[in-house]
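Everything on this sheet refers to the single structure shown next.
Taken together, the values in this text are just the output of simple stated rules run on the coordinates, not laboratory data. Because the structure is a prediction, the values reported are computed rather than measured. Methodologically, a virtual Cβ is constructed for each residue, glycine included, from the backbone with ideal geometry; neighbour enumeration extends over all protein chains shown.
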Amino acid sequence: MHRDPACAACGNETWEVLCKRALSSIDMHAAITDRTAAARLIALLDAAGQTSHDVEFRVCKRCGFVCFMPRPDETEATQLAEPLQSSDEPNLQPSVSGAIDGLHALCLADELEDHLVHRSRVLSIGGGDGRHLTSIANRGNVVFIVDSTPSALPGVVRLGAGLDALDSTARFDAICLDSTLEHSAEPAKLLSRARAHLNDDGVLLVEVPMDLFGRQPPRTPPLTSINCFQTTSLSTLLERVGLRPLNCVFAWHYTQPRLVVRALCEKSTPSERRTPDAAGARLTRALLRRDPRPLRGLMRGDAKRTGAALLGYSLRAIRRLRLGSSPTTR
Ligand SMILES: [Zn+2]
């Protein structure tokens, strides 16, 4: 665990404390994933010889990136994330979760459509068994996955558990990091390694949860994400590692009623460009105090994806109603 790390997005070392959180006081009202994360963090703090079970949320004074400290290293972050990712939706019926995954896959394929031709090679980093790649595969592309999940769906080529499994000469036309970057202790290193496998005219798609809106204490950012990005901090990170955002926006998750930051980028030269002092931090503070202005235009020009998000939300609501009337139906 690192007590005083530099900002994982911009490299700056000046932080402002947002709030402190006592892990041992997280009670039964917290989300199951947050309770699990709290228990895991306590175990990691004990193993690291820390006497306190408190974490401190801080915001980078330059880019507005938010994380908690002490900060897990790469091995600890993996231990923290693995069981959480597999327990996201334990109770969804196969037919309902299949429909939601199908919607997600369609939206993802639409997102990349303009950048793919027939037989394009598409890699997903941390995409489970590849269920969100089915539409891309159905449109005539070749899809690959690296993930700790031991098996992949038919039509998806699993290359191994991580980027270490790839041949150094392997290249792809598109690479997706969908809900992956928020769990990485070294997101710049992960993106640099992904960039090395991107064709010169390829695109890289990043999506991370946007967990900052209205999260002022006592409702702090969740423990399940060790990196909390908004558009400024994510684009700063992308530019630092040599990825130029074609767009980097607040958006709705494809099928869930929650906000994300989504960026599509291409290769550029690594840049030491600094964001204007405090502009990113001001954006984070505006989001934390529930200022809607940064989110203006969220729905505009995005009717198809908004429709998919509403349909996904409806399917979940139907599922919850069914569970309520007949809890034994699985
Ligand atoms: Zn920063």
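Would you please give the FRET efficiency between Arg119 and Arg35, computed as 1/(1 + (r/R0)^6) with r the Cβ-Cβ distance and R0 = 56 Å, to the nearest 0.05? Write out the running numbers ahead of the final one.
On the way: r = 46 Å, r/R0 = 0.82.
Efficiency for this residue pair is about 0.75.
Strictly greater than 25 Å: what percent of every Cα pair in the chain meets that?
Working: 28448 of 54285 pairs.
Counting pairs separated by more than 25 Å, the tail of P(r) holds 52 percent.
Under a Cβ-only charge scheme (Lys and Arg +1, Asp and Glu -1), can you give me the dipole magnitude of the chain about the Cα centre, in debye to the nearest 20?
On the way: 41 positive and 37 negative charges, 223 e Å.
Roughly 1080 debye for the chain.
Please list, ordered by chain and number, the residues whose modelled amide H lies under 5 Å from the amide H of Leu243; skip anything fewer than 5 residues away on the same chain.
Ser268
Would you mind working out the magnitude of the charge dipole of segment 181-260 relative to its Cα centre, with +1 at each Lys and Arg C-beta and -1 at each Asp and Glu C-beta, to the nearest 20 Debye? Kindly include the intermediate steps, with their values, before the conclusion.
Working: 8 positive and 7 negative charges, 42 e Å.
Rounded to the nearest 20 debye, it is 200 debye.
Run the count for the chain, please: Lys pairs, Cα-Cα under 30 angstrom, 8 or more apart or on different chains.
Details: Lys20/Lys61; Lys20/Lys189; Lys61/Lys189; Lys61/Lys267; Lys189/Lys267; Lys267/Lys304.
Eligible lysine pairs with Cα atoms under 30 Å apart amount to 6.
The chain: longest stretch without exposed GluC sites (Glu not before Pro) (DSSP loop, at most 14 other Cβ within 10 Å), sites themselves excluded?
Details: sites that count: Glu13, Glu272.
Value returned for the longest uninterrupted segment is 14-271.
Using DSSP, restrict attention to beta bridges with both residues in segment 168-299 and report what percent are antiparallel, rounded to the nearest 5.
On the way: 16 of 22 bridges.
So the antiparallel bridges in segment 168-299 amount to around 75 percent.
Cut-off is 10 Å between beta-carbons; in what order do Asp34, Asp147, Asp167, Asp291 appear when sorted fewest neighbours first? Write down the numbers at each step before the final one.
Values: Asp34 17, Asp147 22, Asp167 8, Asp291 13.
Starting with the residue having the fewest Cβ neighbours, the order is Asp167, Asp291, Asp34, Asp147.
Which is farthest toward the positive dipole end of the chain among Leu108, Leu190, Thr149, measuring Cα position about the Cα centre, with Cβ charges +1 (Lys, Arg) and -1 (Asp, Glu)?
Leu108
Out of the DSSP beta bridges found with both residues in the chain, what percent are antiparallel (nearest 5)?
Roughly 60 percent of the beta bridges in the chain run antiparallel, per DSSP.
Helix-derived [θ] at 222 nm for the chain: sum -39500 (n - 2.57) over DSSP H runs of at least 4, divide by residue count, nearest 500? Intermediate values should be presented prior to the final figure.
Working: 8 runs with 104 residues, N = 330.
That calculation yields -10000 deg cm²/dmol at 222 nm.
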